[in-house]
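Comments concern the structure below.
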Amino acid sequence: MKMSFKPKNLNQSLANFNPKNKDFSKANTLKIIALGGVGDVTKNMYVYEYGNDIIIVDCGVGFPDEAMLGIDLVIPNIAYLRDKKQKIRAILITHGHDDHIGGLPYIWPELNVPIYSQKLTCGLIRAKFAEHKLPKDKIKTVNLSDNLKLGVFEASFYQVSHSVPDSTGIVLKTPVGTLIHQADFKMDWTPVNSQVTDVGRVARVGEQGVLMMAIDCLRVEKPGYTLSEKTIESSFAKVEAETLGKVLITMTSSNLTRVQQAINVALKSGRKLALAGRSMENNFQVARDLGYLDVPANLIVPQEEVKRFPDKKIMIIIAGSQGQPGSALSRVANRDHKFILLKKDDSVIFSADPIPSTESAQHALIDTLTRLGANVYYTAMMSDLHVSGHAAAEEIKLMINLAKPKYLLPIGGTPRHMRVFSKMAQDLGYMENQILMAEDGDVILATPGSITISGQVDVDNVYVDGLGVGDVGSIVLRDRQVMSAEGVVVVMVPVHIHGGGLAGDPDIMSRGFVFEKKAEDLINDAKEIVKSVLTEHQGLLDWRYMRHNIEEALEKFFYEELKRNPLILTLVVEV
């Protein structure tokens, strides 16, 4: 069905917005600033500021790529907010994925303001706060019928379908007009959890007049409609029926509707279900306690008891779908998991596509699992193992036509997604200047009559490195600081170009750490530790994982011997 809505001419009267004061100076201007999430798939955080009032929507994390050595997470830069903390009325959270809530444990302690969201999302946030030993009294659960008065802002939530329950859009009534913040969503008319996108609410808001809609554009390149989440269960059942051994299913740990479908298949097939990976176990427990998972009695067994059952009677939901080093699935793939041993009759299902920057890591993990002889299923070979939680082009068009906003701000996608979104919106009748092609840090100025982009604030990445937050300005700076303070140790591991086996003894060189001639015994002991790690994992070809283990073992050894933490670089050299 072709959408034919054309927004009203901006030169027409904007009576719906009823501005009390027609002086559209900066005093009567709403600022909208993305500290993350515009031109970026992750790290979502949006500031809405009018006069002495600020509200924040979402507070997520980004994930390091392979060039970000030593970095655990990337969080938004809140430098703009530091001298305005007294103006912040609340943080509103749209849903429970880490790219929308993961930054809270690192950023909230500095802001110390109320957090509002739906029940499950609040439960997931409380679990993160408990892990970080933070107080939970300012995490406030709201209902879809609630209206929040936050300074000059009035905020309310409406339900949308997504890959985690209790996902929402947010309606913001401001002095310059009504705005809609629509983060991740899709139009799933048969969702597993019965949470259908509330198109009626969006349409009613649209009829009253919407100045701007910020809307997820990640899958705008995909024509048509995204498949229903409900299609996944039959795919799990098909693989289970063909599997003579264990079934391992990996997915995003907050994709709880998919977890429920795995539970259903385990129950019908007579398999016991185990969970592996801290994030998976934590989210499962929160959702179960709050009633978002239907888990029959006696179905779940601890992972340490998996070996007590025949492989044919076991299903495992396991974390690590993006190929993260050190994740539960990565340890299984590298024969390093304490309780789970993969065999050739076992099947591993990847029910998650890689997010940007993790493609190579996921592909490497799939290759490692395949080398072990397991049956590995992923979307490139079996397309119905994963469906996106994001709207495709026709669903985005439908949402726009329901809301009828004057202006559009594409969020949650890369620049290429934003460009495709702009062309699509122009096909709907929007003028190019009604589509805000912003970047992180751009200051968007909104009055009842117009919206423009003017100025920019600092949004350089802030890196989380262990317990340190923001003390790493960049990877280059971090490496220089470590090398200047502790030195560098380079480990050379020769491997055969064919087959990947060890081709000789490893070599260790240090610079700025110890003088090698006077510390010969220390270097020799370090070489023996490298050999020990290689022997322990003999026959494995995942050198990315091996580098991680070598560096971890040497870090522990050098600190025990000298109380120093040199930068350790492991180089695998093919000969």
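The values are calculated or read from the model by the stated rules, or taken from the named source; none is laboratory data. Just so it is clear, the model here is predicted, and its values are computed rather than measured. With ideal geometry, Cβ positions are generated from the backbone for all residues, glycine too; neighbour counts draw on all protein chains shown.
If only residues of segment 275-287 that are without any contact (Cβ under 8 Å) to a residue 60 or more places away in the chain and among the aliphatic types (A, V, I, L, M) are counted, the one that is farthest from ALA319 (Cα to Cα) is LEU275.
Any residue that is of a type outside the set (Lys, Arg) and touching a Gly at 6+ places or on another chain (Cβ under 9 Å) - is there at least one of those in segment 189-196? No, that holds for no residue.
State whether one or more residues within segment 126-135 are in contact with a His (Cβ under 9 Å, 6 or more places away or on another chain) and either in the same structural domain as ASP58 (by TED's automatic domain parsing) or buried (at least 24 other Cβ atoms within 10 Å of the Cβ) (or both). Before you say what the answer is, go through the steps one by one.
Looking only at segment 126-135, we keep the residues that are in contact with a His (Cβ under 9 Å, 6 or more places away or on another chain), and these are none.
Checked against the condition, which is being in contact with a His (Cβ under 9 Å, 6 or more places away or on another chain) and either in the same structural domain as ASP58 (by TED's automatic domain parsing) or buried (at least 24 other Cβ atoms within 10 Å of the Cβ) (or both), segment 126-135 yields no hits at all.
Based on this model, can you work out whether ASP505 counts as at pLDDT 85 or above and not polar (S, T, N, Q)?
On the way: at pLDDT 85 or above: no; not polar (S, T, N, Q): yes.
So ASP505 fails the test.
Within segment 110-159, the set of residues being in a loop (DSSP other than H, G, I, E, B), free of Cβ contacts under 8 Å to residues at least 60 places away in the same chain and within 29 Å of THR178 (Cα to Cα) comprises ASN112, VAL113, PRO114, GLN118, LYS138, VAL142, ASN143, LEU144, SER145, ASP146, ASN147.
Do you know which of the residues in segment 43-73 that are β-branched (Val, Ile, Thr) and surrounded by fewer than 24 Cβ atoms within 10 Å (Cβ to Cβ) is modelled with the highest pLDDT?
Of all residues in segment 43-73, those β-branched (Val, Ile, Thr) come to 47, 54-57, 61, 71.
Next, from what is left, pick out any that are surrounded by fewer than 24 Cβ atoms within 10 Å (Cβ to Cβ): 47, 71.
On the way: VAL47: 98, ILE71: 64.
Result: VAL47.
Selection over segment 95-110 of residues that are within 23 Å of LEU144 (Cβ to Cβ) and of a type in the set (Val, Ile, Thr) gives a count of 1. The conditions of being part of a helix (DSSP H, G or I) and over 20 Å from TYR158 (Cα atoms) are not met by SER388.
Exactly one residue out of GLY206, GLY177 is within 18 Å of ILE435 (Cβ to Cβ) and surrounded by fewer than 22 Cβ atoms within 10 Å (Cβ to Cβ): that is GLY206. If we scan segment 170-186, do we find a residue that is of a type in the set (Gly, Ala, Ser), at pLDDT below 95 and not in a helix (DSSP H, G or I)? No: zero hits.
Annotation: of all residues in segment 288-314 being under 21 Å from GLY123 (Cα atoms) and free of Cβ contacts under 8 Å to residues at least 12 places away in the same chain, the one that is surrounded by the fewest Cβ atoms within 10 Å (Cβ to Cβ) is GLY291.
Every residue, every condition in (1) modelled with pLDDT under 90; (2) not in a loop (DSSP other than H, G, I, E, B), yes or no:
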| residue | (1), (2) |
| --- | --- |
| GLU394 | no, yes |
| VAL420 | no, yes |
| ASP440 | no, no |
| ASP460 | yes, no |
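Quick check on LEU150: is it in the same structural domain as ARG89 (by TED's automatic domain parsing), modelled with pLDDT of 95 or more and surrounded by fewer than 23 Cβ atoms within 10 Å (Cβ to Cβ)? Explain how you work it out, then say what you get.
On the way: in the same structural domain as ARG89 (by TED's automatic domain parsing): yes; modelled with pLDDT of 95 or more: yes; surrounded by fewer than 23 Cβ atoms within 10 Å (Cβ to Cβ): yes.
Against the criterion (in the same structural domain as ARG89 (by TED's automatic domain parsing), modelled with pLDDT of 95 or more and surrounded by fewer than 23 Cβ atoms within 10 Å (Cβ to Cβ)), LEU150 qualifies.
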